[in-house]
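Here's the structure we're looking at; comments come further down.
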Amino acid sequence: MSDQPRRPRTSAKPYRRPRKDPVRILAFEALRAVDERDAYANLVLPPLLRKAREKEGPETFDARDAALATELVYGTLRRQGTYDAVLSACVDRPLREVDPPVLDVLSLGAHQLLGTRIPTHAAVSATVELARVVLGDGRAKFVNAVLRKVAQHDLEGWLERVAPPYDDDPEDHLAVVHSHPRWVVSALWDSLGGGRAGIEDLLRADNERPEVTLVARPGRATAEELLEEDAAVPGHWSPYAVRLTEGGEPGAVAAVRDGRAGVQDEGSQLVALALAAAPLDGPDRRWLDGCAGPGGKAALLGALAAQRGALLVASEKQTHRAGLVARALEGNPGPYQVIAADGTRPAWRPGSFDRVLVDVPCTGLGALRRRPEARWRRRPEDLEGFAPLQRGLLRTALESVRVGGVVGYATCSPHLAETRAVVGDVLKQHPDTELLDARPLLPGVPDLGEGPDVQLWPHLHGTDAMYLALIRRTG
């Protein structure tokens, strides 16, 4: 037997500390906040991006890193339904039995593999490194095994495998291919009332990243001023709208910082403009925004009212949101008043106003481009929860307007239960009203349907799916 000491075994790999990737860690943190706290990505992401820039420094975490983190978060949320179907085919147990943090990492990896141009090897290795940092080595091996299965096909190849044929189940096919819950597909299809092409165009539009749209508040800023910004182009329909085509930062625009302009979807602008343009019988001195938070429409209405010497009263039930309304209206060139009040229990006498807007709380199915997580968070039963409030707010609005005045009922949802059903039910109880044709009050906007109400669409108008009915009180 040799007296030489044994050499240590070298077959085991030495431990390597996982490399921290600030972009993917940020994306993971954002997804966890959405899942754990029911947060919205558009509210969670900006502070996380600021924190990353401050911690890593602008040289380490630059604009490209911020853009990638944003794409990873929003892309993963938008395509969650599709990726769940793919991952279900690659995991040996139901997804509901996979720990949510692990599923978030897998979804981030699936999006990089199937929804971006990141090379396959880089997408897998970067996601496995993320898993080592946030989950540990053991679960990282599971992530690696699953993502290698995902990488065996591209998105089209997976859809052929996991989506049922259209002819067998049209709604389920569209739900998987375009990543919407089946009930949402069904509701949107009913609202559109068209064939396959229309619903597919709408679902695709819901999965596109929307442009940032600004509004120049009349009397305080002009569209021409905003068009001087880099990559700024005119809006499609509103004379006050300007689009930032390359994802510009609104906070970098001086007029936005000063409150003379704001970020506002063009659909919301059109709703306010149509109400302001509706013909009245009699005076035009007092306007009401009955559901004013967070203040975008109130700021535009206040500026339009100021041009006519009219007073705007902006009412918002929640005190903190009333504070946001006050901030949006600060500096308005004409008279205004912000109050914290319940729109179903008005703090004003009946018949006090000439024009009234109620943009009622709703499921938000019209803003799925901006809040993609809403499609997974909402349930059909939510409609029943909103229904009494929506009807109550419209009834109060009709009582608040004088004879000859006009009410605008608006909602950021195209669901028929939140639009025509509400208006129809309430007007049956108020025979002293008439529906006005809102279409001529949106000049130049095509594809507005048979009227008299208006439904805007992302795929037809490039706006959120805003609904508007204009009602005149006749007695």
When every residue in the stretch 152-172 that is in a helix (DSSP H, G or I) and open to solvent by less than 30 Å² (accessible area, probe 1.4 Å) is compared, the one farthest from residue 84 (Cα to Cα) is 157
Reported set for the stretch 48-84 where residues are over 30 Å from residue 183 (Cβ atoms), touching a residue at least 12 places away in the same chain (Cβ under 8 Å) and part of a loop (DSSP other than H, G, I, E, B) is 60, 61
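One line per residue, one yes/no per condition, for (1) over 14 Å from residue 135 (Cα atoms); (2) modelled with pLDDT of 85 or more:
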position: 9; (1), (2): yes, no
position: 16; (1), (2): yes, no
position: 20; (1), (2): no, yes
position: 25; (1), (2): no, yes
position: 30; (1), (2): yes, yes
position: 34; (1), (2): yes, yes
position: 42; (1), (2): yes, yes
Look at residue 73 and say whether it is β-branched (Val, Ile, Thr), buried (at least 20 other Cβ atoms within 10 Å of the Cβ), under 24 Å from residue 164 (Cα atoms) and at pLDDT 90 or above.
no
I'd like to know if the stretch 226-238 contains one or more residues that are β-branched (Val, Ile, Thr) and modelled with pLDDT under 95. no
Return a yes/no flag: does the stretch 372-390 have any residue that is without any contact (Cβ under 8 Å) to a residue 60 or more places away in the chain, surrounded by 21 or more Cβ atoms within 10 Å (Cβ to Cβ) and farther than 28 Å from residue 30 by Cα. yes
Within the stretch 458-475, the residues that are surrounded by 22 or more Cβ atoms within 10 Å (Cβ to Cβ) and part of a strand (DSSP E or B) are 467, 468, 469, 470, 471, 473
### Qualifying residue in the stretch 305-316 (condition: closer than 30 Å to residue 446 by Cβ, in a loop (DSSP other than H, G, I, E, B) and touching a strand residue (DSSP E or B) at 6+ places or on another chain (Cβ under 8 Å))
no
When every residue in the stretch 430-457 that is assigned to a strand (DSSP E or B) and open to solvent by 70 Å² or more (accessible area, probe 1.4 Å) is compared, the one farthest from residue 235 (Cα to Cα) is 434
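Residue-wise test of (1) among the small types (Gly, Ala, Ser); (2) open to solvent by 40 Å² or more (accessible area, probe 1.4 Å).
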site: 287; (1), (2): no, no
site: 291; (1), (2): no, no
site: 318; (1), (2): no, yes
site: 325; (1), (2): no, no
site: 331; (1), (2): yes, yes
site: 339; (1), (2): no, no
site: 361; (1), (2): no, yes
Scanning the stretch 91-129 residue by residue, the ones that are surrounded by 17 or more Cβ atoms within 10 Å (Cβ to Cβ), outside any helix (DSSP H, G or I) and not β-branched (Val, Ile, Thr) total 1
So the helices (runs of 4 or more DSSP H) completely within the stretch 173-280 holding 1 or more residues that are open to solvent by less than 50 Å² (accessible area, probe 1.4 Å) and hydroxyl-bearing (Ser, Thr, Tyr) are 182-192, 266-277
Restricting the stretch 435-461 to residues that are without any contact (Cβ under 8 Å) to a residue 60 or more places away in the chain and over 25 Å from the mean Cα position of the chain (by Cα), the one farthest from residue 201 (Cα to Cα) turns out to be 435
Subset of the stretch 395-412, residues part of a helix (DSSP H, G or I) and over 14 Å from residue 292 (Cα atoms), comes to 395, 396, 398, 399, 400
Considering the stretch 138-151, residues that are of a type in the set (Lys, Arg) and closer than 14 Å to residue 124 by Cβ, and then whichever is least open to solvent (accessible area, probe 1.4 Å), we arrive at 149
Within the stretch 48-64, the count of residues that are open to solvent by less than 60 Å² (accessible area, probe 1.4 Å) and under 15 Å from residue 249 (Cα atoms) comes to 2
Going through the stretch 34-47 in order, the residues found to be open to solvent by less than 30 Å² (accessible area, probe 1.4 Å) and either under 17 Å from residue 109 (Cα atoms) or in contact (Cβ under 8 Å) with a residue 12 or more places away in the chain (or both) are 34, 41, 44, 45
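The values are calculated or read from the model by the stated rules, or taken from the named source; none is laboratory data. Since the structure is predicted, the reported quantities are computational estimates derived from the model, not experimental observations. A quick note on method: Cβ atoms are made from the backbone with ideal geometry, for glycine too, and the neighbour counts reach across all protein chains shown. These area figures cover heavy atoms from the full protein model, side chains too; ligands, DNA and RNA do not enter into them. Shrake-Rupley method; radii C 1.70, N 1.55, O 1.52, S 1.80 Å.
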